[in-house]
Amino acid sequence: MKNTALTDRHVALGAKMVPFAGYNMPVQYEGVKVEHETVRTGVGVFDVSHMGEFLLKGENALALIQKVTSNDASKIVDGQAQYTCLPNNDGGIVDDLIIYRKSATEFFIVVNASNIEKDWNWISDHNDLDVEMQNLSEGYSLLAVQGPKTAEALQSLTDIDLKGMKYYTFDEGTFAGIPNVIVSATGYTGSGGFELYVKNEDVGEVWDKVFEAGAAQGIKPIGLAARDTLRLEMGFCLYGNDIDDTTSPLEAGLGWITKFTKEFTNSENLKAQKEAGVTRKLVGFELVDRGIPRHDYVINDADGNNIGKVTSGTMSPSTNKAIGLGYVTVENAAIGTEIFIEVRNKQLKAVVSKPPFYKA
């Protein structure tokens with residue numbers, strides 16, 4: 001089990017630690033509801049240093065990215081980021097990821113913790129373009145500072161204009177006295193904020209200064225459990241739950257990052273799928289009956305026919321409703337359709353609804 005550079009701090013703060021993606025990670029500190037509310041109304045800090053970072057450099061770096069990803073990376077300019085995925089050859093997804101364009105010949109890529117080796121091998125296997133690849137994952141830490149008060153809390157630590165940064169842009173500069181920190185206006189919570197990419201040897205100092213600077217805004221450390229409830233309220237996909245090697249980006253509602261204006265891995269088959277129409281869709285739903293949906297629970301129609309399964313589910317702290325995501329047949333995917341979640345041999349009524357479940 002690996003530790004992040006901040007593990008000692010989490011333990012000292014009384015965090016409950018759990019194994020996640022091969023790392024010893026803080027799942028909660030005070031409790032999920034309190035931490036969730038902190039991010040929705042104030043500012044909270046997640047240690048997500050288990051995520052992976054790659055650097056692609058060279059004249060053909062963009063060409064390689066275009067070849068292996070579904071979105072059109074030629075549309076982003078220096079200082080912009082893009083959400084995309086790596087399609088596999090079988091209609092599924094190797095991983096979802098974010099690409100940061102540092103220059104026309106240099107791209108910083110952030111991948112999911114559990115897929116670092118898998119993604120590295122996949123991109124390497126397709127690199128017949130002499131692109132220089134560096135796996136920076138072991139040397140970088142990542143702090144996600146999230147919530148509506150984040151810019152206010154962090155501005156004293158940098159000359160980068162945080163309030164002026166647009167969503168999915170980034171800058172690189174001095175932060176908390178540390179040079180070459182990537183400050184990205186991205187996140188996984190739907191409440192705004194920034195992600196800070198820092199070298200391992202510097203992240204302890206950055207962590208301490210972030211908490212010092214944000215004291216007036218009531219800044220708190222936040223665990224992975226609240227990260228999950230926050231992302232689910234927004235309807236954001238989690239790899240391994242809502243998307244995986246067997247789910248098509250079109251089935252998962254990721255057609256918006258699947259651009260057929262270029263060729264990419266398996267693009268012809270995915271284009272044919274789009275033209276023919278998918279047979280199942282990832283939908284959001286809210287429970288009408290009392291209960292909590294969980295991963296892999298069966299979804300039935302009113303006649304008791306199995307029409308799919310739950311991929312993610314929770315009790316939403318912001319709405320106080322039981323919510324979830326799941327794949328259902330297209331005939332049952334329309335907003336307002338009644339579906340039934342099988343929980344301990346009971347059929348709990350739910351209604352298909354369009355995420356986000358929470359709106360600020």
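Can you check what the net charge comes to around I65, using other residues whose Cβ is under 12 Å from the Cβ of I65 (Lys, Arg +1; Asp, Glu -1)? Here the count lands on +3.
A DSSP coil position with no more than 12 other Cβ atoms inside 10 Å describes the following GluC sites (Glu not before Pro) in the stretch 208-279: E263.
Straight-line reach from K220: which lysines fall under 19 Å, measuring Cα to Cα and dropping same-chain residues less than 8 apart? Of all the lysines, those that pass the test against K220 - Cα under 19 Å, at least 8 places apart if same chain - are K16, K33, K149, K209.
Between V298 and A21, the simple label model (points 7 Å from Cα in the Cβ direction) yields a spacing of 3.3 nm. List the relative contact order of the stretch 1-98 as a percent without decimals, with contacts defined as Cα pairs under 8 Å and 6+ residues apart. Rounded, it is 15 percent for the stretch 1-98. Report note on the peptides 346-355, 58-67: ranked by the mean count of other C-beta atoms within 10 Å, highest first, their order is 58-67, 346-355. In sequence order, the stretch 133-139 has phi-based couplings of 10, 10, 8, 9, 4, 6, x Hz under the Karplus curve 6.51 cos²θ - 1.76 cosθ + 1.60, θ = phi - 60°, and Gly or Pro positions carry x. Loop only by DSSP, 15 or fewer other Cβ within 10 Å of the Cβ. Give me the chymotrypsin sites (Phe, Trp or Tyr not before Pro) in the stretch 230-298 that pass, ordered by residue number. Sites meeting the loop and neighbour criteria: F260. State log₁₀ I(q)/I(0) for the stretch 279-355 at q = 0.14, 0.16, 0.26, 0.27 Å⁻¹ as given by the Debye formula over alpha-carbon point scatterers of equal weight, solvent excluded. The Cα Debye sum returns log10 ratios of -0.34, -0.45, -1.27, -1.38.
Here the label points at S156 and K57, each 7 Å from Cα along the C-beta direction, are separated by 3.7 nm in the simple model. Mean separation of Cα pairs under 8 Å and 6 or more residues apart, divided by the residue count, gives the stretch 279-355 a relative contact order of 40 percent.
The HN-Hα couplings worked out from phi for the stretch 189-197 by the Karplus form 6.51 cos²θ - 1.76 cosθ + 1.60 (θ = phi - 60°) are 10, x, 10, x, x, 9, 10, 10, 9 Hz, whole numbers, x standing for Gly and Pro. Computed over the chain, relative contact order equals 18 percent, with contacts defined as Cα pairs under 8 Å that lie 6+ residues apart.
From the coordinates of this entry, P(r) over Cα pairs in 20 Å bins from 0, in percent is computed, and it appears in (i) 29, 58, 13, 0; (ii) 25, 45, 25, 5, 1; (iii) 30, 53, 17, 0 under the label (i).
In this structure, the residue pairs whose Cα-Cα separation is over 23 Å, taken from K118/K271; K321/K346; K321/K354, are K118/K271.
Throughout, read-outs are computed from the coordinates displayed, never taken from laboratory work. Please read all numbers here as calculations on a predicted model, not as lab measurements. We place every Cβ from the backbone using ideal geometry, glycine too, and count neighbours over all the protein chains shown.
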